[in-house]
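Here's the structure, in structure tokens; my notes come after.
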Amino acid sequence: MAHQDIRIGWIGLGEMGLGMAINLQKYLSSHSQHLTVWNRSPGKTEVIEAQGAVVASSIEEIAANNNVIFTSLSNDAAVEA
């Protein structure tokens, strides 16, 4: 897979996930790429969106448009939501 073919999605922007996603977005921005993110609480996406990330409207959108997906979820209930 060529470097340009990698599309990265991130699900979960809580206490730990947001910091990791921001670092990944900074790296991707330096390579003219972007991270696609989704969070149950949409307000938490504003910080990373301002840094160039794309906010997906659903988990299904993340799955359909990315070939690498990270999750950072607090518990089983968050996974099932």
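Values quoted throughout were computed directly from the atomic coordinates according to the rules given, and no laboratory measurement underlies them. Predicted model only: the values in this text are computed from it and were never measured. We place every Cβ from the backbone using ideal geometry, glycine too, and count neighbours over all the protein chains shown.
Using only Cα atoms, tell me the angle between helix 15-29 and the longest principal axis of the chain; keep it within 0 to 90° and round to the nearest 10.
10 degrees
Return the long-range amide H neighbours of V55 (sequence gap of 5 or more, or a different chain), with a cut-off of under 5 Å between placed amide H atoms.
When sequence neighbours closer than 5 places are left aside, the close amide H contacts are V37.
Between R40 and E61, what is the spin-label point distance in nm, taking each point 7 Å from the Cα along the Cα→C-beta axis?
That separation, rounded to one decimal, is 1.9 nm.
Less than 15 Å Cβ to Cβ from L28, Lys/Arg counted +1 and Asp/Glu -1: what total charge do the surrounding residues give?
Details: positive: R7, K26; negative: D5, E49.
It works out to a net charge of 0.
Once the dipole of the chain is set up with Lys and Arg at +1 and Asp and Glu at -1 on Cβ about the Cα centre, which of I8, L24, N66 lies farthest towards its positive end?
Working it through, the farthest residue towards the positive pole turns out to be L24.
Would you mind checking the stretch 14-33 for residues with the amide N under 20 Å from a putative spin-label position 7 Å along Cα→C-beta of A50?
Backbone N within reach: 14-30.
So how strong a dipole does the chain carry about its Cα centre when Lys and Arg Cβ are +1 and Asp and Glu Cβ are -1, to the nearest 20 debye?
Values: 4 positive and 8 negative charges, 46 e Å.
Charge dipole of the chain: 220 debye, to the nearest 20.
Around I69, what is the net charge, scoring Lys/Arg as +1 and Asp/Glu as -1 over all other residues with Cβ under 13 Å from its Cβ? It would help to have the intermediate numbers written out before the result.
Values: positive: R7; negative: E60, E61.
Once positives and negatives cancel, what remains is -1.
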